[in-house]
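Take a look at the structure set out below.
The values are calculated or read from the model by the stated rules, or taken from the named source; none is laboratory data. Given the structure is predicted, the values throughout are model-derived calculations rather than measurements. Cβ atoms come from the backbone with ideal geometry, glycine included; neighbour counts cover every protein chain shown.
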Amino acid sequence: MAESLRVGIAGLGTVGASVVRVLTEKAAELTRQCGRTITVTAVSARNRDKDRGVDLSTVSWFENPVDLARSNEIDVFIELIGGDEGPARDSVRAALEAGRHVVTANKALLAKHGVALAEIAEKKGVLLNYEAAVAGGIPVIKTMREAMAGNSVNRVFGILNGTCNYILTRMEAEGLSFEACLKDAQRLGYAEADPTFDIEGNDTAHKLAILTSLAFGHKIAADDIYLEGISNITQADIRAAAELGYRIKLLGVAQRTESGIEQRVHPTMVPTASVIAQVHGVTNAVAIETDILGELLLSGPGAGGNATASAVVGDIADIAKSRPGFQHGPVFGRPAKELKPYKKAQMRSHAGGYFIRLTVHDRVGVFASVAKRMADNDISLESIVQHAVGPEAVDKKTVILVTHETTEAAVRKAVEAITKDGHLTDKAQVIRIERAG
Ligand code: HSE
């Protein structure tokens, strides 16, 4: 049997402890699958005395993750520290430079420095595996990088943040407030250390940026993503969506268009009958549309210790199985040096349907004026509904418009004109509608 694969883990939070536990409990099975044993030989974490429920009595401890990354005691460096700079970046770079394989769950790091790190990995002939960085336990990286060779992707979209999906699901099912649901998501360990990253869409954007590169062979362009989070979504939106046959999901979407690649993260109306609308709670889903395969939808647990550990252990096992000269190919599917420059499609040219919820003064002519502004901007309406806001607001009405396909630029101009007309009592709510099967 080949020599044991020696693993060093930096970061022993929920995920790190789960990885140690899975490697220990599943040692015999992993040995059978990989043809060699996998041994955790060294770790680096802030608090040495904390009880993590796993036996670390025989491993070496390193104060500094960079020292662990360079240590001769390991073959693989597992980065579970988090953050796109500082110890996470320094230690991953040091490990690759030292010729160690790397497994990371760090989407922020890859979104910012992934291409540069991939170049080092490819130069050094080592693996940089990151399955856990996108959609938790769903094996989407392997699917896109390995199983879909030869396919040309037209669109990839998905529910990539468990916290947001958990919040939206509970708001819809139980009529709860956004804040109450967020608190529970934090308590259950789904949310990032700073939950703003979840709810404002940054976490989804990091994951989308990685998928976009894999899908279209471009350099990662996380800063070129149109971003809107879910903190403005109200019960009024959720109820109106349900009435119209839609459900609201925070989607990350990357799409090939005539003018470039569109990357956007925003709350999205998807038809209630679509498959992606059935993805509830912390579950993630990724839909990939290609020329050969058609549409593929992967769904599964997107956050939490076990889901993430499952992906990390899968990556470690791939390294254990790999032999020099028999590896899974370039980090982002194409050699890092050959990734094309990213060509951004402007958000203003995005084409699609829109849901627009207006709260207006209840006076003569408002409805007609709103409809006229839509017509002025060549926006064709699929439906227009007027509701009472509630018994406490007799002088206000809600007007809900659903458009046929139009452009972002037209909708922005129409909403700006309606706002200037002075009919609105509150800011207009605009939610894009996504085609989904
Ligand atoms: N905070 C992330 C989520 C964890 O809620 O999906 C997994 O990246």
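In summary, His206 fulfils each of the numbered conditions (1) under 11 Å from the mean Cα position of the chain (by Cα); (2) of a type outside the set (A, V, I, L, M, F, W, C); (3) away from the ligand (no atom under 16 Å from the Cβ) with the single exception of condition (3).
Within segment 4-33, the residues that satisfy the criterion of being in a strand (DSSP E or B) and within 21 Å of Lys321 (Cβ to Cβ) are Leu5, Arg6, Val7, Gly8, Ile9.
Residues are listed down the side, and each one gets a yes or a no for (1) closer than 21 Å to Ala105 by Cα; (2) charged (D, E, K, R); (3) assigned by TED's automatic domain parsing to the domain that holds Ser91; (4) surrounded by fewer than 22 Cβ atoms within 10 Å (Cβ to Cβ):
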position: Thr14; (1), (2), (3), (4): yes, no, yes, yes
position: Val20; (1), (2), (3), (4): yes, no, yes, no
position: Asp55; (1), (2), (3), (4): no, yes, yes, yes
position: Ser60; (1), (2), (3), (4): no, no, yes, yes
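Would segment 188-208 turn up any residue that is among the small types (Gly, Ala, Ser) and modelled with pLDDT of 95 or more? Scanning segment 188-208, I find at least one residue that is among the small types (Gly, Ala, Ser) and modelled with pLDDT of 95 or more, so the answer is yes. For first residues located in segment 128-141 and over 16 Å from His206 (Cα atoms), partners that are part of a loop (DSSP other than H, G, I, E, B) and β-branched (Val, Ile, Thr) and lie 6+ apart or on another chain with Cβ distances below 8 Å form the pairs Leu128/Val331. When we screen Thr283, Thr272, Thr268 for residues that are at pLDDT 95 or above and in contact with an Asp or Glu (Cβ under 6 Å, 6 or more places away or on another chain), the only hit is Thr268.
Restricted to segment 132-204, the set of helices (runs of 4 or more DSSP H) holding at least 3 residues that are β-branched (Val, Ile, Thr) comprises 162-174. Of the residues Ile384, Ile356, the single one that is surrounded by fewer than 20 Cβ atoms within 10 Å (Cβ to Cβ) and among the β-branched types (Val, Ile, Thr) is Ile384. Selection over segment 319-353 of residues that are surrounded by 15 or more Cβ atoms within 10 Å (Cβ to Cβ) and either touching a Leu at 6+ places or on another chain (Cβ under 7 Å) or not in a helix (DSSP H, G or I) (or both) gives a count of 17. The C-beta contact set for segment 63-75 (first residue in the same structural domain as Thr41 (by TED's automatic domain parsing) and in contact (Cβ under 8 Å) with a residue 12 or more places away in the chain, second residue among the small types (Gly, Ala, Ser) and in a loop (DSSP other than H, G, I, E, B), distance under 7 angstrom, 6+ apart or interchain) comprises Ala69/Ala98; Arg70/Ala98. Before we move on, is Phe197 in the same structural domain as Asn232 (by TED's automatic domain parsing), of a type in the set (Phe, Trp, Tyr), surrounded by fewer than 22 Cβ atoms within 10 Å (Cβ to Cβ) and more than 24 Å from Val313 (Cα to Cα)? It is true that Phe197 is in the same structural domain as Asn232 (by TED's automatic domain parsing), of a type in the set (Phe, Trp, Tyr), surrounded by fewer than 22 Cβ atoms within 10 Å (Cβ to Cβ) and more than 24 Å from Val313 (Cα to Cα).
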